[in-house]
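All remarks here apply to the structure that follows.
The values are calculated or read from the model by the stated rules, or taken from the named source; none is laboratory data. For clarity, every value in this text was computed on a predicted model and none was experimentally measured. FYI the Cβ positions are ideal-geometry reconstructions off the backbone, even for glycines, and counts take in every protein chain you see. Each accessible area value is taken on the protein alone, full model and side chains, heavy atoms only, with ligands, DNA and RNA left out. Shrake-Rupley method; radii C 1.70, N 1.55, O 1.52, S 1.80 Å.
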Amino acid sequence: MAQETAPPELSADVTARLDRLPVTRHHRSLVITIGMGLFFDMYEIFMSGVLGPVLSDRFELSATATSAVLASAFIGMFLGVVTMGRLADRYGRRRFLIASVALYTVFSAVGALSLNAPMLIAARFLAGLGIGPQLPLADAYLSDLLPARARGRYTALAYTIAFFGVPTVGLLAHWLVRLSPLGMAGWRWLFLIGALGGVAALLRYRRLVESPRWLASVGRTAEAERIVTDLEAAAPTRAAPPAATARTDAP
């Protein structure tokens, strides 16, 4: 069944109301939440690079097999962006933000338990299906929820949080790969830490609201109105600008 489309004036009204909002605690919370998800997304992306030599040694991989392990995640990322981006446009931003985090969380845990190279290649490919869509879906979601005048600044804040994932995975790899905490190889702990981080992100993502702009664009007007009204009610009251007064000449 074709999805209903809202009248352009309704979508424009929702957009205007969202853009009139001041930046509230709700906006800051969602930026931190998205930044947290992106942090572990970046962690997952760069983990393959730092683990390549270690996995080659531990699984006694040939150069071709090592390349397959490293490439599998990126092939999954490409397919994930293509498929989930379209599905998110049709079925909702929030739903597929959560689905993408859940995918890389589950299959990072599977990667930690891999018994051989084929299992690891499959786990990284399936994790990639969730890793890839996070960046474009997060951009779309932040653009939908943040007021236009603050969008660039707060999107940059979310990505500032995200990029800390790169040195984090590098430092952890430098420290952990030489150790076996609790009898488990350090490289496995890197995958497990990524999975645990994904669980923490999921707990926060579940509290995200759906994008009112998306809801209005597909005709779910009552839901869009309710979310925008809740956001307006949570915003601090701002004094209206003083009305213009006619100038009077002194007698």
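Miscellaneous remarks
- Scanning the stretch 59-85 for residues that are out of contact with any Gly (no Cβ under 8 Å at 6 or more places or on another chain), modelled with pLDDT of 90 or more and not hydrophobic (A, V, I, L, M, F, W, C) yields a count of 1.
- In the condition set (1) at pLDDT 90 or above; (2) of a type outside the set (A, V, I, L, M, F, W, C); (3) open to solvent by 60 Å² or more (accessible area, probe 1.4 Å), E44 is compliant with all but (3).
- Annotation note: Cβ proximity below 7 Å between a residue of the stretch 134-156 that is within 15 Å of L21 (Cα to Cα) and a residue that is among the small types (G, A, S) and at pLDDT 95 or above (sequence gap 6+ or interchain) occurs for L142/A158.
Matching residues to (1) over 21 Å from F40 (Cα atoms); (2) open to solvent by less than 10 Å² (accessible area, probe 1.4 Å); (3) in contact with a helix residue (DSSP H, G or I) (Cβ under 6 Å, 6 or more places away or on another chain); (4) basic (K, R):
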site: I193; (1), (2), (3), (4): no, no, no, no
site: L208; (1), (2), (3), (4): no, no, yes, no
site: S217; (1), (2), (3), (4): yes, no, yes, no
site: E223; (1), (2), (3), (4): yes, no, yes, no
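- T155, sole failed condition from (1) of a type in the set (V, I, T); (2) under 14 Å from the mean Cα position of the chain (by Cα); (3) surrounded by fewer than 18 Cβ atoms within 10 Å (Cβ to Cβ): (3)
- Residue count for the stretch 164-186, restricted to those that are under 25 Å from M36 (Cβ atoms) and open to solvent by 80 Å² or more (accessible area, probe 1.4 Å): 4.
- Cross-chain or 6+ apart pairs with Cβ under 6 Å, the stretch 202-221 first and among the aliphatic types (A, V, I, L, M), then in a loop (DSSP other than H, G, I, E, B): A216/A6; V218/Q3
- Residue match in the stretch 101-123 (condition: over 21 Å from F191 (Cβ atoms) and open to solvent by 50 Å² or more (accessible area, probe 1.4 Å)): no
- Sole residue being among the small types (G, A, S), more than 30 Å from G170 (Cα to Cα) and within 21 Å of the chain's Cα centre (by Cα), chosen from S211, S217: S211
- Qualifying position, being assigned to a helix (DSSP H, G or I) and more than 13 Å from the chain's Cα centre (by Cα), among I75, I34: I75
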